[in-house]
Amino acid sequence: MDIYFDNGATTRAFPEVREMMDKVLEEEYGNPSSMHKKGLTAEHHLKKTREIIAKSLRVDPKEIFFTSGGTESNNLALIGTALANQRAGKHIISSTIEHASVYNPLFFLEEMGFEVTFVPVDEHGILRLDKLKEAIREDTILVSVMAVNNEIGSVMPMEEIGKLIKELNPKTLYHADCVQAYGKMKLFPRRWKVDMMSISGHKIHGPKGSGALYVRNGVKIKPILYGGNQEQGLRSGTENVPAIAGLGVAAQKIYEDHEERIAHLRRIKEYFLEKVMELPDTENHSGDAPHIASVTFLGVRSEVLLHALEDKGICVSAGSACSSNKPAVSGTLKGIGLKKEEYESTLRFTFSCYNTIEEVDFAIEELSKLLPMLRKFIRR
């Protein structure tokens, strides 16, 4: 049996996505900047996807800019707004459990002379609003917070954060990394007072190398790529039309029957957690996101159990798959207060619409066999 419980890393594309991409690659392959018929057809694909994403976020299509994915969207939001607004201040705020595609641009900006404050989270992985309130200053130009943590699935109080930011400093920009949230919950950038929002295609059964950044009209932001002035001059480079068209199909489909899709994810996750917590020496660190379960299996190193499950045809993750394929200490698990023996024994199980209760039963059965054997082996 081939079971894929690593949908937080990437997802299997919808068949309709592949069909659309094949059509664009084989038939409608024009450059969207060209003036002839094939160019206009390609431009139509960009326009349609822009409208689909804008509708899902309840924003203006002109505020949607295509990128190569979540990493580029985060880099553009952070570096682009920092450079454009540095005369107003050089102070930036983020949390201690962000993704590497937020951390590393922030470290780069620190080298450029910016000051970054990392606000802690509580034991559930929720941003400490009292600490955020203390951190916001007159020279704070940007706050960047992920809506859903990619490792444990904690869901941030995005509306409360936005309200707090704008009350304390209306000029401070608010960026939301919604890579793990888009498609898994309804997003309200205007209500949340979010100025920029990052999304990625391959987390919602779309193609890898596709993504978008919502930028509220009026936000000052500099490009980090220069060239032919595509995407209103914000993101130069010929648009990846097949991937963008596929992204549009995925975005359209993921929000169709959305409540039923989320109910399915929650049913799978809750059933999994109910069964896995019946196994001895397990701890649940999962947040409220419908698709992410974080479980510690005490006495077994995560990478050992990961490969043991892989041998049984079950794919899981030891944390974020986006930074490296090498084991690393999880900032998220440390950030919520886990001890070394806990965070070194934690696996992430992430679910999609393709997963079934039968797959969960099989995984639990294999875990019940593997854990006693591995623990006995390690104790020796």
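The values are calculated or read from the model by the stated rules, or taken from the named source; none is laboratory data. Owing to the predicted nature of the structure, the values given are computational and were not obtained by experimental measurement. Positions of Cβ are backbone-derived with ideal geometry, glycine not excepted, and every protein chain shown enters the neighbour counts. We work out accessible area using only protein heavy atoms, side chains counted, and drop any ligands, DNA or RNA first. Shrake-Rupley method; radii C 1.70, N 1.55, O 1.52, S 1.80 Å.
What does the convex hull of the alpha-carbon atoms of region 238-281 project to on average, in nm²? Mind dumping the intermediate values first?
Working: hull surface 20.2 nm².
Dividing the Cα hull surface by four gives the mean projection, 5.1 nm².
Along the Cα→Cβ direction, 7 angstrom out, place labels at Lys340 and Ala263. What is the inter-label distance in nm?
Distance between label points: 4.8 nm.
Hey, what's the Cα Rg ratio for region 180-290 versus the globular rule of thumb, 2.2 N^0.38 Å? It would help to have the intermediate numbers written out before the result.
Working: Rg = 18.4 Å, N = 111, 2.2 N^0.38 = 13.2 Å.
So region 180-290 has a normalised radius of gyration of 1.39.
So what is the relative contact order for region 237-307, in percent, with contacts set as C-alpha pairs under 8 Å and at least six apart?
This gives 20 percent for region 237-307.
Got the relative contact order for region 58-187 handy, in percent, Cα pairs under 8 Å and 6 or more residues apart?
Reported relative contact order: 25 percent.
Mind telling me which of Phe349, Phe107, Phe118 comes out most flexible in a GNM of the chain, alpha-carbon contacts under 10 Å?
Phe107
Using only alpha carbon pairs under 8 Å that are at least six residues apart, calculate the relative contact order of the chain and give it in whole percent.
So the answer I get is 24 percent.
Comparing Leu78, Leu279, Leu57, which has the greatest mean-square fluctuation in the GNM of the chain with Cα pairs linked when under 10 Å apart?
Residue with maximal mean-square fluctuation among Leu78, Leu279, Leu57: Leu279.
For region 286-299, in order, what is each residue's ³J(HN,Hα) by Karplus, 6.51 cos²θ - 1.76 cosθ + 1.60 with θ = phi - 60°, in whole Hz (x at glycine and Pro)?
Coupling constants for region 286-299: 6, x, 8, 4, x, 10, 10, 10, 10, 10, 9, 10, 4, x Hz.
Across region 15-27, in residue order, what do the Karplus-derived ³J(HN,Hα) couplings come to in whole Hz, using 6.51 cos²θ - 1.76 cosθ + 1.60 with θ = phi - 60° and x for Gly and Pro?
Once rounded to whole Hz, the list reads x, 5, 5, 4, 4, 5, 5, 4, 4, 5, 5, 8, 10.
Ignoring any ligand, DNA or RNA, what whole percent of the accessible area of the chain comes from carbon and sulfur when the probe is 1.4 angstrom?
Numbers: 8770 of 17100 Å².
Here carbon and sulfur together make up 51 percent of the probe-accessible area.
Looking at the calculated P(r) for region 52-164, what percent of the C-alpha pair distances fall above 20 Å?
46 percent
Structure shown: which of Lys37/Lys184; Lys193/Lys339; Lys220/Lys334; Lys220/Lys253; Lys55/Lys208 lie over 30 Å apart, alpha-carbon to alpha-carbon?
Violating the 30 Å Cα-Cα cut-off are Lys37/Lys184; Lys193/Lys339; Lys220/Lys334; Lys220/Lys253.
Can you work out D for region 1-50 in µm² s⁻¹ from Stokes-Einstein, where Rh is the Kirkwood radius over C-alpha pairs, the temperature is 10 °C and the viscosity is 1.306 mPa s? The partial results should precede the final answer.
On the way: Rh = 12.8 Å.
My calculation gives 124 µm²/s for D.
Please give the direction-averaged projected area of the C-alpha convex hull for the chain, in square nanometres with one decimal. It would help to have the intermediate numbers written out before the result.
Details: hull surface 76.1 nm².
So the mean shadow area of the Cα hull is 19.0 nm².
Restricting things to alpha carbons, find the Rg to Rh ratio for region 152-225 using the Kirkwood radius for Rh.
Rounded to two decimals, Rg over Rh is 0.99.
Can you return the aspartates and glutamates within cross-link range of Lys47? Criterion is Cα-Cα under 15 Å, with same-chain partners fewer than 8 residues away left out.
Straight-distance partners of Lys47: Glu28, Asp60, Glu63, Glu231, Glu239.
Mind telling me which of Asn284, Asn355, Asn229 comes out most flexible in a GNM of the chain, alpha-carbon contacts under 10 Å?
With Cα springs under 10 Å in the chain, the top fluctuation among Asn284, Asn355, Asn229 is at Asn229.
Give me the accessible area of Arg137, 1.4 Å probe, in Å² rounded to the nearest 10.
Only protein atoms counted, so the area is about 80 Å².
Can you give the local net charge around Pro15? Use residues other than it whose beta-carbon is closer than 11 angstrom to its beta-carbon, Lys and Arg +1, Asp and Glu -1.
0
How large is the accessible surface of Cys315 in square angstrom, using a 1.4 angstrom probe and rounding to the nearest 10?
50 Å²
Taking every eigenvalue of the Cα gyration tensor of region 109-193, multiplying by 5 and rooting it, what semi-axes result, largest first, whole Å? List each step's numbers first, then the result.
Numbers: eigenvalues 88, 46, 35 Å².
For region 109-193, the ellipsoid semi-axes come out as 21, 15, 13 Å.
Rank these residues by their accessible area, most exposed first, probe 1.4 Å: Met277, Met1, Met185.
Values: Met277 75, Met1 140, Met185 45 Å².
My answer, sorted largest first, is Met1, Met277, Met185.
Can you work out the Karplus-derived ³J(HN,Hα) for every residue in region 121-134? Use 6.51 cos²θ - 1.76 cosθ + 1.60 with θ = phi - 60°, whole Hz, and x for glycine or proline.
10, 8, 5, 9, x, 9, 4, 6, 5, 5, 6, 5, 4, 5
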